[in-house]
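Accompanying notes for the structure given below.
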Amino acid sequence: MTTIFQNPIPPYPRWKRRFYRLSRSVTDDEIRAFQGYQELIVRETGSDLVHIIHKHGLFEIHGSMGEDEIEVWFDPDKETYSIEYLDNLLIPRF
């Protein structure tokens, strides 16, 4: 696990966390593509910035440019929709 994802705090109570290993590192283009029209939040973790992209109450993507892993938090009650939507975001880019 990357050090930027240590000390996890769920965005909402009961949300589950998963990690996704990507075929290449996250770039600024991916951050913008994932963001779309959603609000972008940035959290400092010492040496890195973690970009937090909230997607319609289904999930949050936490990623840092240059890393080949992202952390995703999702609502377990909407897991099927969340995973399907996330796959549609990730597959074309990675």
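The values are calculated or read from the model by the stated rules, or taken from the named source; none is laboratory data. On a predicted model such as this, the values are computed, not experimentally measured, just so you know. Neighbour counts run over all protein chains shown; Cβ positions are idealised from the backbone, glycine included.
His51 falls short on exactly one of the conditions (1) free of Cβ contacts under 8 Å to residues at least 12 places away in the same chain; (2) under 15 Å from Glu67 (Cα atoms), and that condition is (1).
Within the range 19-31, if we keep just the residues that are modelled with pLDDT of 85 or more and among the aliphatic types (A, V, I, L, M), the residue that is surrounded by the fewest Cβ atoms within 10 Å (Cβ to Cβ) turns out to be Leu22. Among the residues of the range 42-64, those identified as of a type in the set (Val, Ile, Thr) and either surrounded by 14 or more Cβ atoms within 10 Å (Cβ to Cβ) or farther than 16 Å from Pro11 by Cα (or both) are Thr45, Val50, Ile52, Ile53, Ile61. When the residues of the range 73-94 are filtered to those that are aromatic (Phe, Trp, Tyr) and without any contact (Cβ under 8 Å) to a residue 60 or more places away in the chain, the one that is nearest to Ile31 (Cα to Cα) is Tyr85. Just give me the residues in the range 32-41 being surrounded by 10 or more Cβ atoms within 10 Å (Cβ to Cβ) and more than 17 Å from Trp73 (Cβ to Cβ), in sequence order. Residues satisfying the conditions are Arg32, Ala33, Gly36.
For the range 58-93, filtering for residues that are outside any strand (DSSP E or B) and touching a helix residue (DSSP H, G or I) at 6+ places or on another chain (Cβ under 8 Å) leaves 7.
When the range 68-78 is limited to residues that are of a type outside the set (Val, Ile, Thr) and surrounded by 14 or more Cβ atoms within 10 Å (Cβ to Cβ), the one that is farthest from the chain's Cα centre (by Cα) turns out to be Lys78. The residues of the range 23-57 that are part of a strand (DSSP E or B) and of a type outside the set (A, V, I, L, M, F, W, C), listed by number, are Arg43, Glu44, His51, His54, Lys55.
Selection over the range 2-22 of residues that are of a type in the set (S, T, N, Q) and either in contact with a Cys (Cβ under 9 Å, 6 or more places away or on another chain) or not in a loop (DSSP other than H, G, I, E, B) (or both) gives a count of 1.
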